[in-house]
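Novice: Dropping a structure here in structure tokens format, bear with me for questions.
The values are calculated or read from the model by the stated rules, or taken from the named source; none is laboratory data. None of the values given here were measured: they were computed from a predicted structure. Positions of Cβ are generated from backbone atoms using ideal geometry, with glycine treated the same way; all protein chains shown enter the neighbour counts.
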Amino acid sequence: MPNIKSAKKRVLVTEKKNALNKSIKSEIATAKKKFLSAVENKQVEEATKLLREVVSLYDNAAQDNVISTNCARRNQATLSKKLDAIKA
């Protein structure tokens, strides 16, 4: 534990930020799992609805710098391809 007041504050702020980032990533992972489950069961309408939700979560996370923009776009494209595959 640091001795300087400002260093102590940075530790607390970092812990809060890490917890927030972890919860956002967890929310994305849960939504992604639901989407992949719908794709696996070939539920096109449900998967379409869930894809919009997942894309929104990725966009918000990228905007808040929780994940990189490139990572968000890459994952969105991968999920979109999976949806297109079951639509065809």
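Novice: Could you check region 63-78 and list, in sequence order, the residues that are touching a residue at least 24 places away in the same chain (Cβ under 8 Å) and more than 10 Å from the chain's Cα centre (by Cα)?
Specialist: Answer for region 63-78, where residues must be touching a residue at least 24 places away in the same chain (Cβ under 8 Å) and more than 10 Å from the chain's Cα centre (by Cα): just 64.
Novice: With the structure loaded, tell me whether residue 31 is loosely packed, with under 11 Cβ neighbours inside 10 Å, modelled with pLDDT of 95 or more and either in contact with a strand residue (DSSP E or B) (Cβ under 8 Å, 6 or more places away or on another chain) or part of a helix (DSSP H, G or I) (or both) or whether it fails that test.
Specialist: Working: loosely packed, with under 11 Cβ neighbours inside 10 Å: no; modelled with pLDDT of 95 or more: yes; either in contact with a strand residue (DSSP E or B) (Cβ under 8 Å, 6 or more places away or on another chain) or part of a helix (DSSP H, G or I) (or both): yes.
No: the conditions fail for residue 31.
Novice: Could you please let me know if residue 42 is of a type outside the set (Phe, Trp, Tyr), at positive phi and touching a residue at least 12 places away in the same chain (Cβ under 8 Å)?
Specialist: yes
Novice: Do we have any residue at all in region 12-27 that's loosely packed, with under 13 Cβ neighbours inside 10 Å, outside any helix (DSSP H, G or I) and either modelled with pLDDT under 95 or basic (Lys, Arg) (or both)?
Specialist: Checking region 12-27: not a single residue is loosely packed, with under 13 Cβ neighbours inside 10 Å, outside any helix (DSSP H, G or I) and either modelled with pLDDT under 95 or basic (Lys, Arg) (or both).
Novice: Sticking with this one: Checking the condition touching a residue at least 40 places away in the same chain (Cβ under 8 Å) and among the charged types (D, E, K, R), which residue from 16, 82 passes?
Specialist: Checking each option against the conditions leaves just 82.
Novice: Here's something else I'd like to know. Give region 36-62 a look and list any residue that's within 27 Å of residue 17 (Cβ to Cβ) and either more than 11 Å from the chain's Cα centre (by Cα) or hydroxyl-bearing (Ser, Thr, Tyr) (or both), or say none.
Specialist: Matches in region 36-62: 56, 58.
Novice: Suppose the filter is more than 14 Å from residue 83 (Cβ to Cβ) and loosely packed, with under 11 Cβ neighbours inside 10 Å; does residue 60 pass it?
Specialist: So residue 60 fails the test.
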